Amino acid sequence: MRVTDNMTFDLMRQNLLRTRAHANEMQEAAQRGRRVLAPSDDPVATATAFGERAKEQRVEGQLRTINVGLGALELLDSSFEQMNDVMTKARELAIQAANDTSDAEAREQIAQEVRAMRDQLINLANVRQGDRFLLAGMQEDQPAFDATGSFQGDDNVRTLEVADGLRIEDSVSASSVFNAPGGVDIFAELEALSVALDANDAAGIQAGVGAMRSGQRQISDGHSRIGSRMESFLVAESSAIRVRDAAVAAQTELLGKETEAAYVDFARAQNAYQEALSIAGQLPLPNLLQQR
Amino acid sequence: MSILRILNTGASGLRAHGLGVQVASDNIANVNTPGYARRKVELQANQLQPNGPGGVRAKDANRVVDQFLEARLTAARAETGGAEAQVESLQILDFAFSDEAGNLGEALGAFQQSLGDVAANPNSQATREVALGRATQLATSFQQTASLLSEQRAQLNGRITSEVGEVNTQLETIAQLNQAIAEAENTGQEASHLRAQRDQALTVVSGKVPVKVIDGPQGSIQVMLNGGSALVSFEGGAQPLIASEDPATGDVTVSQIQAGRAVDVTSQIPNGRIGGLLSARDGALSQAQAGLDQLAVDTANAFNAVHSAGFGLDGVSGRNLFTATEASDFQLSADVAGQPEALAAAQDAGLLPGDNRNAQALQDVFVGNVANGGTATLDQAFQQLVTEGATAVQMAMAERDQAQAVETQATNMREAVSGVSIDEETVSLISFQRAFEASARLVSVADEMYESILAMKR
């Protein structure tokens, strides 16, 4: 085959352009830590990575929701713990007042304490997260209980989506705690106890002891349900974190490039370009015209 | 013995070898001229006659051309031109659907997160405002992506028009050179430089439209589209292409006046730069635009179906969240724009403001098969769009690389036959120079012989 001067120069030009382009590509890959620099480098990997990114975003959203739910349940947990203490104290006072050694004056003082505890309990039951009254059901923009202990909310309990298709309640129904079926109306019983104490009504006080025990159990049951929901949220959180981390890792796996490999490839591409330059530097080859 | 004959023989050598030196120097001078085919002097011994001329004559100084290789290179140029134009045209899809922040996929994900925030705080004005902000960003993302693609379409149409103009200029040049070559060769003049210019013009044309070249009368060539429409003929001259814009779509088609009426020849241009631009526009770009429009409409419909069934904080139902007939007009519905309380997070007006079930149903739109005729989620439809676009770019790049390799091979094969080798031309130069010197010596010898005869009389 005849080899002309143009063929030699064309080959040199093509080699220089190709090795330079490859070196540039490898440099970008090393700098960005990416194997896939544009979707067309690997369409399937890019689309799959998009799917993983969408999953990551969805789970990030669920984690934010979980945090809101956990925040609400932590507030309720704290509130119920305090309500439990209040009810324990109320029961102890009722037992103390029921004792034959308590006279009318002592019972009057206890009555005042019981009324204060009732107010404290109403205050604790009106626990809120931001503008939301957590025990008011869907009527969350107003206190669950008014000053007399009358319930102003509803029995609906909101759910939050913590994973695809999985929803968990982030509160409890107030009536199931403060006026549980088969149980007692806690605020009414506290009021009745204080009335009995004022009236030095031994039978009424004795009945109050039983009511306080029931009320304490109801609060404790509610507290347990909140604890159980917190547990569910925490499990969902750790699961969501695992899913998110897996989605992030998958994206890196699909599109990324290990630093060592990226720099080795870059060095190799640079060497190839330098070789091409070195060969190009030896051109033009001597020809017969120059020898004459 | 005839001294006159010796003199004539020397003179014929001077003419023939002088031409050889001239052709070799022409070849060397044109070593880098695109489209130039080296010329080769063919010598022939003159027939000896009793008192005839004898000696040598340069039969011809023909261009060394292999018509088969020329045709192959012409076809390869069209393939390369088409493939390169496709890559240049479709790389916009790599950008439009890249994973950089701010793309459509990110906007969908951010909107989904904001709906989750509303579901967690349905009575919060702040989260509702953020959700409407994310919905607006989604709309902007649809509009921007649509705009990128439609601007690219407009640019392609503009480039097709300008490429057609360039083809017509070159066709006119070829027609003029056909006439000039005929005139030159009819009067016995050498026309190889005109043929080289015509080849250059043909090189430009063949990179833009696929052509067949047929030798015509009097050294002319006839240039035709592969489909048979004549572009240049010896008799008819240049028959230009016409780029016509459809006023409704803005798309450009290519036609030609044949027998007094415009005939659409777009289908006769499958490759070459113009063919590549047409293929990119009507193929992958159209598909991406249609896919994006479908995704926009599916997104709007799916969210509207859920949103209109829910209730805003104001207790009003039946409001759409988005409006869209295509991606470019995807926007937040006027029913909810600037009205965070209108975002329908509740399923029961009686359970306001805490009811978050419709916000959750809006979130569920993302995991339901609501796109592509109920066969894919919104994310999957977007991924399909990305895959189709990226695959089109990848295939175009592979075709370009292959076409370039074929063109390089065809160029090398053509160069091996028609290209100029300085070494080879130098050898010719030396050879013709030596022969020229010898012929000159022959004339001197004949002259000396005449002198000797004349001296005999003195």
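The values are calculated or read from the model by the stated rules, or taken from the named source; none is laboratory data. What you see is a predicted model; the values in this text were computed from it and never measured. Glycine gets a Cβ as well: all are built from the backbone with ideal geometry, and neighbour counts include every protein chain shown. Accessible surface areas use protein heavy atoms only, side chains included; no ligands, DNA or RNA. Shrake-Rupley method; radii C 1.70, N 1.55, O 1.52, S 1.80 Å.
For region B:64-180, compute the orientation-averaged projected area of the C-alpha convex hull (one quarter of its surface), in nm². Intermediate values should be presented prior to the final figure.
Details: hull surface 43.0 nm².
Computed as one quarter of the Cα hull surface, the answer is 10.7 nm².
For region A:222-292, what is the largest minus smallest coordinate of the Cα atoms on each principal axis, given in angstrom and ordered from greatest to least?
107, 15, 10
Two decimals, Cα atoms only, Kirkwood Rh: what is Rg/Rh over chain A?
On the way: Rg = 37.7 Å, Rh = 25.3 Å.
Rg/Rh for chain A comes to 1.49.
What nm distance separates the two modelled labels at residue B:2 and residue B:451, each placed 7 Å from Cα along Cα→Cβ?
2.5 nm
If I take R0 = 56 Å and measure r between the Cβ atoms of residue A:96 and residue B:349 in this structure, what FRET efficiency does the formula 1/(1 + (r/R0)^6) give, to the nearest 0.05?
On the way: r = 50 Å, r/R0 = 0.90.
So, using R0 = 56 Å, E works out to roughly 0.65.
Among all the aspartates and glutamates, which ones have a C-alpha under 13 Å from residue A:89's C-alpha, if same-chain residues fewer than 8 places away are not counted?
A:81, A:113
List the aspartates and glutamates whose Cα lies under 12 Å from the Cα of residue B:212, skipping any in the same chain that are fewer than 8 positions away.
Straight-distance partners of residue B:212: B:70.
Just grab the label-to-label distance for residue A:74 and residue B:375, each label 7 Å out from Cα along the Cβ direction, in nm (one decimal).
Computed distance between label sites residue A:74 and residue B:375 equals 4.8 nm.
Output the direction-averaged projected area (hull surface divided by four) of the convex hull of the alpha-carbon atoms of region B:125-246, in nm².
On the way: hull surface 41.7 nm².
Computed as one quarter of the Cα hull surface, the answer is 10.4 nm².
Provide a whole-number value for the mean count of partner chain Cβ atoms within 10 Å of the Cβ atoms in peptide A:148-157.
Values: counts 0, 0, 0, 0, 0, 1, 3, 0, 6, 1.
Partner-chain Cβ atoms within 10 Å, mean over residues of A:148-157: 1.
Mind checking the mean number of beta-carbon atoms from other chains within 10 Å of the Cβ atoms in A:129-138? Before the final figure, lay out each step's value.
On the way: counts 1, 4, 5, 6, 1, 0, 0, 1, 3, 12.
Across A:129-138, the average partner-chain Cβ count within 10 Å equals 3.
What would the Debye formula give as log10 I(q)/I(0) at q = 0.09 Å⁻¹ for the alpha-carbon point model of the protein assembly as shown, no solvent?
Listed by q, the Debye log ratios stand at -0.97.
On average, how much area does the Cα convex hull of region B:1-150 cover when viewed from any direction, in nm²?
Working: hull surface 59.6 nm².
Mean projected area of the Cα convex hull: 14.9 nm².
What does the charge count near residue A:75 come to, summing +1 for each Lys or Arg and -1 for each Asp or Glu among other residues with Cβ under 12 Å from its Cβ? Before the final figure, lay out each step's value.
Working: positive: A:128, A:132; negative: A:74, A:77, A:81, A:170.
That works out to -2.
Based on DSSP H runs of at least 4 residues, each adding -39500 (n - 2.57), what is the mean residue ellipticity at 222 nm of chain B after dividing by all its residues, to the nearest 500 deg cm²/dmol? Could the numbers behind the result be given before it?
Details: 10 runs with 269 residues, N = 458.
Value at 222 nm, helices only: -21000 deg cm²/dmol.
Where in region A:248-292 are there GluC sites (Glu not before Pro) that are in a DSSP coil and have at most 12 other Cβ atoms within 10 angstrom of their Cβ?
A:258
In what sequence, highest mean first, do B:256-269, A:217-230, A:60-73 appear when ranked by Cβ atoms within 10 angstrom?
Details: B:256-269: 13.9, A:217-230: 18.6, A:60-73: 22.4.
The peptides rank, most packed first, as A:60-73, A:217-230, B:256-269.
What do the square roots of 5 times the Cα gyration tensor eigenvalues come to for region A:77-135, in whole Å, largest first, as semi-axes of the equivalent ellipsoid? If you can, show how the numbers build up before the last one.
On the way: eigenvalues 174, 25, 5 Å².
So the three semi-axes of region A:77-135 are 29, 11, 5 Å.
Say the dipole of the protein assembly as shown comes from +1 at the beta carbon of Lys and Arg and -1 at that of Asp and Glu; which of B:296, B:310, A:188 then lies farthest toward its positive end?
So the residue we want is B:296.
Report the residues of region A:192-232 in range of a label on residue A:108: point 7 Å along Cα→C-beta, backbone N strictly under 11 Å from it.
A:198-200
Tell me the relative contact order for region A:124-280 as a rounded percent, counting alpha carbon contacts under 8 Å between residues six or more apart.
Working: 156 pairs, mean separation 21.9, N = 157.
Worked out over region A:124-280, it gives 14 percent.
Taking 25 °C and 0.890 mPa s as the conditions, I'd like the Stokes-Einstein D for region A:1-71 in µm²/s, using the Kirkwood hydrodynamic radius from alpha carbon pairs. Spell out each step's value before the answer.
Numbers: Rh = 16.5 Å.
Estimated via Stokes-Einstein, D reaches 149 µm²/s.
Percent of alpha carbon pairs in region A:32-171 separated by more than 20 Å?
Value for region A:32-171 (Cα pairs over 20 Å): 65 percent.
So what are region A:110-239's ellipsoid semi-axes, whole angstrom, largest first, if each one is the square root of 5 times an eigenvalue of the alpha-carbon gyration tensor?
Details: eigenvalues 210, 48, 24 Å².
Result for region A:110-239: semi-axes of 32, 15, 11 Å.
Which of A:176, B:202, A:238 sits closest to the plus end of the dipole of the protein assembly as shown, meaning its Cα is farthest towards the positive end, when Lys and Arg get +1 and Asp and Glu get -1 on the C-beta?
Farthest along the dipole direction, towards plus: B:202.
Starting from 0.36 nm per residue, how many nanometres of slack lie between residue A:3 and residue A:123 once their C-alpha separation is accounted for? Numbers along the way, then the final one.
Working: separation 120, 0.36 × 120 = 43.20 nm, distance 9.75 nm.
This chain segment gains 33.4 nm when fully extended.
How far is it, in nm, from the label point at residue A:213 to the one at residue A:88 when both lie 7 Å from their Cα along the line to the Cβ?
1.8 nm
Over the C-alpha atoms of region B:337-434, what are the Rg and the largest Cα-to-Cα span, Dmax, in Å?
Looking at region B:337-434, its Cα Rg and Dmax stand at 33.9, 112 Å.
Under unit Cβ charges (Lys, Arg +1; Asp, Glu -1), what dipole magnitude, rounded to 20 debye, does the protein assembly as shown have relative to its Cα centre?
Working: 58 positive and 96 negative charges, 992 e Å.
Roughly 4760 debye, rounded to the nearest 20.
Give the span of region B:265-420's Cα atoms along each principal axis, as three whole-Å numbers ordered largest to smallest.
Over region B:265-420, Cα extents along the principal axes are 90, 28, 25 Å.
Of A:153, A:210, A:281, which has the largest mean-square fluctuation in a 10 Å C-alpha GNM of chain A?
Looking only at A:153, A:210, A:281, the biggest GNM fluctuation is shown by A:281.
Straight-line reach from residue B:40: which lysines have a Cα under 24 Å away, not including same-chain ones fewer than 8 places off?
The qualifying lysines are B:59.
Once you keep just the Cα pairs under 8 angstrom separated by 6 or more residues, what percentage relative contact order results for chain B?
On the way: 779 pairs, mean separation 112.8, N = 458.
The value is 25 percent.
Please report the net charge: other residues with Cβ closer than 11 Å to the Cβ of residue A:90, K and R +1, D and E -1. Working shown, then result.
On the way: positive: A:89, A:91, A:115, A:118, A:213; negative: A:85, A:92, A:113, A:189.
Net local charge, residue A:90 excluded: +1.
Using R₀ = 60 Å, calculate the FRET efficiency as 1/(1 + (r/R₀)^6) where r is the Cβ-Cβ separation of residue B:235 and residue A:166; round to 0.05. Walk me through the intermediate numbers first.
Values: r = 81 Å, r/R0 = 1.35.
E(calc), rounded to 0.05, equals 0.15.
GNM on chain A, C-alpha springs below 10 Å: top fluctuator among A:278, A:239, A:79?
A:278
How large are Rg and Dmax for region A:189-245 when calculated on the C-alpha trace, in angstrom?
20.5, 65
What Rg and what Dmax come out for region B:334-373 when only alpha-carbon atoms are used, in angstroms?
Reported Rg and Dmax, both Å: 12.3, 36.
Kirkwood Rh over Cα pairs of region B:54-104 into Stokes-Einstein at 10 °C, 1.306 mPa s: D in µm²/s? Provide the component values of the computation, followed by the final result.
On the way: Rh = 15.7 Å.
Here the translational diffusion coefficient equals 101 µm²/s.
Taking chain B on its own, what percent of its Cα-Cα pair distances exceed 36 Å? Could you put the intermediate results ahead of the total?
Working: 57149 of 104653 pairs.
Pairs farther apart than 36 Å: 55 percent.
Based on a Kirkwood Rh over C-alpha pairs, give the Stokes-Einstein translational diffusion coefficient of region B:362-407 at 37 °C and viscosity 0.692 mPa s in µm²/s. Don't skip to the answer; put the middle values down first.
Numbers: Rh = 12.5 Å.
For the chosen part, D equals 263 µm²/s.
Below 10 angstrom from the Cβ of residue A:162, what's the summed charge of the other residues (Lys, Arg +1; Asp, Glu -1)? Walk me through the numbers on the way to the answer.
Values: positive: A:167; negative: A:161, A:164, A:170, A:237.
Result for the local shell: -3.
Once you have the Cα-Cα distance between residue B:187 and residue B:244, take 0.36 nm times their residue separation minus that, and quote the gain in nm to one decimal. Present the calculation step by step, with values, prior to reporting the outcome.
Details: separation 57, 0.36 × 57 = 20.52 nm, distance 4.23 nm.
Extending this stretch completely gives an extra 16.3 nm.
If R0 is 22 Å, what FRET efficiency do you get for residue B:95 and residue A:27 from their C-beta distance, rounded to 0.05?
Details: r = 20 Å, r/R0 = 0.91.
E between residue B:95 and residue A:27, to the nearest 0.05, is 0.65.
Of the peptides B:118-131, B:5-18, A:138-151, how do they stack up when ordered by the mean number of other Cβ atoms within 10 Å, highest first? Intermediate results must be reported in sequence, preceding the final value.
Values: B:118-131: 21.7, B:5-18: 19.7, A:138-151: 17.9.
So the peptides B:118-131, B:5-18, A:138-151, ranked by packing, come out B:118-131, B:5-18, A:138-151.
At a threshold of 8 angstrom on Cα-Cα distance, excluding pairs fewer than six apart, so keeping six or more, what relative contact order does region B:317-458 reach in percent?
Working: 65 pairs, mean separation 10.7, N = 142.
Answer for region B:317-458 is 8 percent.
Would you mind telling me the share, in percent, of accessible area of region A:2-43 contributed by carbon and sulfur at probe 1.4 angstrom? Please list the in-between numbers first.
Values: 1220 of 2340 Å².
Looking at region A:2-43 in its full context, I get 52 percent from C and S.
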